[in-house]
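Comments concern the structure below.
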Amino acid sequence: MPTFLSLLADRPLPLPGDPRRAEMMLAQAKDTVLAEVMADPAGNRLLESVFGNSPFLARSLMREPEFGRLLAFSDPESLFSTLIADLHPKALIPLDEATFMQTLRVARRRAALLIALADIAGLWPLGQSTGALSRFADAAVQGVVAHLLAGAAARGELEPADTQDPAPNDPARDSGFFVLALGKLGALELNYSSDIDLMLLYDQAKVRYIGKRSAQECFVRLARNLVRLMQDLTSDGYVCRVDLRLRPDPGSTPLAMSALAAETYYEGMGQNWERAAMIKARVCAGDAESGGQFLAQLRPFVWRKHLDFYAIQDIHSIKRQIHAVK
């Protein structure tokens, strides 16, 4: 199987924009395992390009020299698949919160390094790079949702779908709670600086809430914790910025709402920009069956059979606003 460096051998790389910084960083890298990468001419060119052009990638490489060496002598696609597999909910659920947050942030740093270097080297086309960024975001959200649902079950708020297994490997299965990805994440087109647009919904008829308050309070708290676990800045950075404002009427609705309430809103008051936003919607975490049913119910709203004059006028207005912003 070809390694990253063998694939890189004859490919041109960006010249360092700051040669002095590149030289200084290369000198520091000689005292780490990255010296093995520098011994290869292609590896030396790659490090020189990264150190002289991207402070973020340079810092990440110096914090993760072992991973940098592993990447250099591995197949990037196989290594990325391993990185995603390590974020499986089964591995993340048992972790305490501090370790959980650190694990996600280290994985994010490594994913950014792998994807960016494959992109810079021209090994991955644009679609593969944005797809990999989106796959990582999906895996992170899935891990957070599973971790939080397992915590709610352990506190006696939610009853697991499989009551014979008090510590299920997949607490999201048949839970009734699901997360929709919209925007760039929904289309698998995430870029390096994108936040992620999410909508958090639950099927009230399916949720097994056994706590002392209400299912909505439970899931609103879960939503706040999801945002905190994903975007709070620690010494290891953050995972992704989260935007929940594409939910129905965000100024007056809770962070997590019932699927029935969302469906009722779209049927009665949904606007054309919301119709357009839902075109890219897909289930990215949680109960996939409940999410799929919700999207199927919403199809008549998203894909109208007929457009009246006012709807066409509204679409033109949206287009004008897009051009104005551009």
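Please enumerate the residues belonging to region 6-41 that are in a helix (DSSP H, G or I) and either among the β-branched types (Val, Ile, Thr) or open to solvent by less than 10 Å² (accessible area, probe 1.4 Å) (or both).
Correct list: LEU8, ALA22, ALA29, LEU34, VAL37.
Is one or more of the residues making up region 26-34 over 15 Å from PRO76 (Cβ atoms), in contact with a Pro (Cβ under 6 Å, 6 or more places away or on another chain) and not hydroxyl-bearing (Ser, Thr, Tyr)? If you could, list the steps in order and put the result at the bottom.
As a first pass, look at region 26-34 and keep what is over 15 Å from PRO76 (Cβ atoms): 26-34.
With in contact with a Pro (Cβ under 6 Å, 6 or more places away or on another chain) added as a condition, the list becomes 32-34.
Subset that is not hydroxyl-bearing (Ser, Thr, Tyr): 33-34.
Within region 26-34, one or more residues are over 15 Å from PRO76 (Cβ atoms), in contact with a Pro (Cβ under 6 Å, 6 or more places away or on another chain) and not hydroxyl-bearing (Ser, Thr, Tyr).
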Per the filter on region 55-77, residues closer than 22 Å to GLN128 by Cβ and open to solvent by less than 50 Å² (accessible area, probe 1.4 Å) are LEU57, SER60, LEU61, GLU64, PHE67, GLY68, LEU71, ALA72, SER74, ASP75, PRO76
Using beta carbons and a limit of 6 Å, which pairs, at least six apart or on different chains, have the first residue in region 128-154 and farther than 18 Å from SER175 by Cα and the second one acidic (Asp, Glu)?
SER129/ASP119; THR130/GLU189
Test set (1) at pLDDT 95 or above; (2) buried (at least 17 other Cβ atoms within 10 Å of the Cβ) - ARG247 fails condition number:
(1)
In region 181-205, residues that are more than 12 Å from the chain's Cα centre (by Cα), hydrophobic (A, V, I, L, M, F, W, C) and open to solvent by less than 20 Å² (accessible area, probe 1.4 Å) total 3
Within region 176-185, can one find any residue that is modelled with pLDDT of 90 or more, of a type in the set (D, E, K, R) and assigned to a helix (DSSP H, G or I)?
yes
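Among the residues in region 100-110, are any touching a Pro at 6+ places or on another chain (Cβ under 8 Å) and surrounded by 14 or more Cβ atoms within 10 Å (Cβ to Cβ)?
Pass one, region 100-110, residues touching a Pro at 6+ places or on another chain (Cβ under 8 Å): none.
The answer is no, given that none of the residues of region 100-110 is touching a Pro at 6+ places or on another chain (Cβ under 8 Å) and surrounded by 14 or more Cβ atoms within 10 Å (Cβ to Cβ).
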Do the conditions hold for SER194, that is, is it in contact with a helix residue (DSSP H, G or I) (Cβ under 6 Å, 6 or more places away or on another chain), in a loop (DSSP other than H, G, I, E, B) and among the small types (Gly, Ala, Ser)?
yes
Scanning region 113-166 residue by residue, those at pLDDT 95 or above, charged (D, E, K, R) and touching a strand residue (DSSP E or B) at 6+ places or on another chain (Cβ under 8 Å) turn out to be ASP138
Looking for whichever is touching a strand residue (DSSP E or B) at 6+ places or on another chain (Cβ under 8 Å), closer than 16 Å to LEU148 by Cα and open to solvent by 80 Å² or more (accessible area, probe 1.4 Å) here; the options are ARG208, ARG224. Which one fits?
ARG208
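The values are calculated or read from the model by the stated rules, or taken from the named source; none is laboratory data. All values derive from a computational prediction rather than experimental measurement. Cβ sites come from the backbone with ideal geometry, for glycine too, and all protein chains shown count toward neighbours. Keep in mind that these areas ignore ligands, DNA and RNA; they rest on the heavy atoms of the full protein, side chains included. Shrake-Rupley method; radii C 1.70, N 1.55, O 1.52, S 1.80 Å.
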